[in-house]
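The values are calculated or read from the model by the stated rules, or taken from the named source; none is laboratory data. Quantities reported herein were computed from a predicted structural model and do not represent experimental measurements. For neighbour counting, all protein chains shown are included, and Cβ atoms are generated from backbone atoms with ideal geometry for every residue, glycine included. The area values use the complete protein model at the heavy-atom level, side chains included, leaving out ligands, DNA and RNA. Shrake-Rupley method; radii C 1.70, N 1.55, O 1.52, S 1.80 Å.
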Amino acid sequence: MSIPATAVAPLTIGDAEFLIDRARSAAEAAGVPVAVTVLDAGGHLLAFRRDDRAVLIAGETSTRKAYTALQLNTPTADLVDAVQPGGLFHTLPTALDRPLLFIAGGVPVHRDGRLIGALGVGGGAPEQDHSFADAAVRSLNA
């Protein structure tokens, strides 16, 4: 006899907009123009916003950070050392068709202990991007 899995509500567009607003508010308070990407559990784009003053590449980096956090179910800040020479994932960035980005700023989103999506922030220093993303995810789960 198996126990059926309990359904967990997926990440909604409302959740995605909330995450973007929270991440952007944290970035604005720090004076950092950013791009923010929210992906659902399947890696599909749910929402994206790039501040007018954010560097253009911030959009790409925020998306890749979110994708990396989703695929590995780990904040990208926790993976930076793993891709260094001799690290567990040293060859992973070049082994896949989809580009991963091992720079802080991507955070998985969980609900009731299950992975439901990911948030990526780009445009600031990696530590700043991580703090903005982490604050947004924590506020969603509060």
Kindly check whether there is at least one residue in segment 95-106 that is hydrophobic (A, V, I, L, M, F, W, C), closer than 16 Å to residue 23 by Cα, touching a helix residue (DSSP H, G or I) at 6+ places or on another chain (Cβ under 6 Å) and buried (at least 22 other Cβ atoms within 10 Å of the Cβ). yes
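Out of the residues in segment 103-127 meeting the condition of being touching a Leu at 6+ places or on another chain (Cβ under 8 Å) and over 18 Å from residue 35 (Cβ atoms), tell me which one is modelled with the lowest pLDDT.
Result: 111.
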Looking only at segment 75-87, which residues are under 15 Å from residue 126 (Cβ atoms) and part of a loop (DSSP other than H, G, I, E, B)? 75, 79, 84
Is it fair to say residue 138 is open to solvent by 60 Å² or more (accessible area, probe 1.4 Å), without any contact (Cβ under 8 Å) to a residue 40 or more places away in the chain and either part of a helix (DSSP H, G or I) or farther than 20 Å from residue 15 by Cβ (or both)? yes
Based on this model, can you work out whether residue 21 counts as outside any loop (DSSP other than H, G, I, E, B) and open to solvent by 80 Å² or more (accessible area, probe 1.4 Å)? yes
